[in-house]
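The values are calculated or read from the model by the stated rules, or taken from the named source; none is laboratory data. Fair warning: this is a prediction, and the values are worked out from it, not measured in the lab. So basically every Cβ, Gly included, is an ideal-geometry build from the backbone, and we count neighbours across all protein chains shown. For the accessible areas, the whole protein counts, side chains as well, though only heavy atoms, and no ligand, DNA or RNA atoms are used. Shrake-Rupley method; radii C 1.70, N 1.55, O 1.52, S 1.80 Å.
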Amino acid sequence: MPTIAVISQKGGSGKTTIALHLAASATQAKQPACVIDTDPQATAAAWGDWRGDFYPLVVTSPPARLAKTIERAHKQDEVDVVVIDTPPHAESAMREAIKAADLVLIPSRPRAFDLHALEAVAEMIEFAGKPAYVVLNAVPAGATRQIEEAKETARKFGLKTCPVSFGERADFHRSSAKGEVAAEIDATGKAAAEAKKLWTWVRKQIS
Ligand SMILES: Nc1ncnc2c1ncn2[C@@H]1O[C@H](COP(=O)(O)OP(=O)(O)O)[C@@H](O)[C@H]1O
Ligand SMILES: [Mg+2]
C-alpha cells in the first residue's frame, strides 16, 4: 500500500497540517487514507478524535510498532493510502518512518533556521535511498525570492523541492484546530486548492 512519511527535525514546520490535509485530500479523491500518528504529543490523533468516525482514519503507533501498525491498516478493506506523521527531534522515529515509506515529504517553512535543519534529515534520506521532497509550508504571499532561496538551500543538501507548496493561510490553522481540513471550511479557497494539488502530485509520484 502506498505509504507517505512526513518528517522534519523542527517542530511547527507543518508536519501534522500536511499529513492531515494530504490524507483528507486522498480520501476526498476516493482513496481513503489512514494517518498513523507516531508523535507522543498525538496532535493528529486528537484531530481524529474531534472528527469522530469520518475518514481519514487516525491511529497512533509507537515508532517501534510502525511496521505492525501499517500491516493492520492493510487489512482494513477501505484504506488505500497510509500517511505517517512523526515527532520533531526524534531520529529513530524518523528513521522508522523513512524505512516504511515509498515517498518522504519534509515540510519546512522558507526561513533560514528552518532550512538549516534540513541538513540532518538529508543525510538520513540519502542513506535510506528513498524519494524525498521538501514541501515549503506557510509561505508568505509574494515571497518569490524566499522560495528560490529555500529551493537553493534544499538543493545544496541534495534534496528536491516539491512543486506544490502551502501558503500561510488561516484556513489551514483554523480547520486543523477543530478536526476539519481547509476544504471543509471553504471548499473554493486557496488552502483547499493547495491541499488538493498536493495530493494530485503525490499520487503521481507513488503510482
Ligand atoms: N500553511 C499554514 N498556514 C497557517 N498556519 C499553519 C500552516 N501550517 C501550519 N500552521 C500552523 O502552525 C502550527 C504548527 O503546525 P503543525 O502542522 O502542528 O507543525 P508540526 O506538526 O511540524 O509541529 C499549527 O498551529 C498549525 O495550525
Ligand atoms: Mg505535529
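At-a-glance table
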quantity: Residue tally, condition touching a His at 6+ places or on another chain (Cβ under 9 Å) and surrounded by fewer than 23 Cβ atoms within 10 Å (Cβ to Cβ), over the range 8-58; calculated: 3
quantity: Condition met for Ser61 (away from ligand 1 (no atom under 15 Å from the Cβ) and either among the polar types (S, T, N, Q) or surrounded by 19 or more Cβ atoms within 10 Å (Cβ to Cβ) (or both)); calculated: yes
quantity: Close pairs (8 angstrom Cβ cut-off, 6 or more residues apart or separate chains): within 9 Å of ligand 2 (Cβ to nearest atom) in the range 9-25, of a type in the set (Ser, Thr, Tyr) and in a helix (DSSP H, G or I) anywhere; calculated: Thr16/Thr43; Thr16/Ser176; Thr17/Ser176
quantity: Index of the failed condition, Glu148 passing every other in (1) in contact with a Pro (Cβ under 6 Å, 6 or more places away or on another chain); (2) assigned to a helix (DSSP H, G or I); calculated: (1)
quantity: Any hit, the range 163-170, residues being surrounded by 15 or more Cβ atoms within 10 Å (Cβ to Cβ), within 16 Å of ligand 2 (Cβ to nearest atom) and aromatic (Phe, Trp, Tyr); calculated: yes
quantity: Conditions (1) surrounded by fewer than 17 Cβ atoms within 10 Å (Cβ to Cβ); (2) touching a strand residue (DSSP E or B) at 6+ places or on another chain (Cβ under 8 Å); (3) acidic (Asp, Glu): number failed by Asp114; calculated: (1)
quantity: Qualifying residues in the range 89-111 (those that are within 12 Å of ligand 1 (Cβ to nearest atom) and open to solvent by 40 Å² or more (accessible area, probe 1.4 Å)) - the one nearest to Ala143 (Cα to Cα); calculated: Arg109
quantity: Residues of the range 26-39 satisfying the condition of being within 14 Å of ligand 1 (Cβ to nearest atom) and under 20 Å from Ala177 (Cβ atoms); calculated: Val35, Asp37, Asp39
quantity: Options Ala141, Ala154, Ala177, Ala183: the member that is of a type in the set (Gly, Ala, Ser), surrounded by fewer than 14 Cβ atoms within 10 Å (Cβ to Cβ) and either within 18 Å of the chain's Cα centre (by Cα) or within 16 Å of ligand 2 (Cβ to nearest atom) (or both); calculated: Ala177
quantity: Lone qualifier among Val104, Val135, Val83 - being touching a residue at least 60 places away in the same chain (Cβ under 8 Å), assigned to a strand (DSSP E or B) and touching a Lys or Arg at 6+ places or on another chain (Cβ under 7 Å); calculated: Val104
quantity: Answer residue from the range 92-120, given it is within 16 Å of ligand 2 (Cβ to nearest atom) and at pLDDT below 95 and is nearest to Glu148 (Cα to Cα) among those; calculated: Asp114
quantity: The one condition in (1) within 23 Å of Cys162 (Cα to Cα); (2) in a helix (DSSP H, G or I) that Val35 fails to fulfil; calculated: (2)
quantity: Members of the range 176-194 that are in contact with a Leu (Cβ under 9 Å, 6 or more places away or on another chain) and either in a helix (DSSP H, G or I) or among the small types (Gly, Ala, Ser) (or both); calculated: Ser176
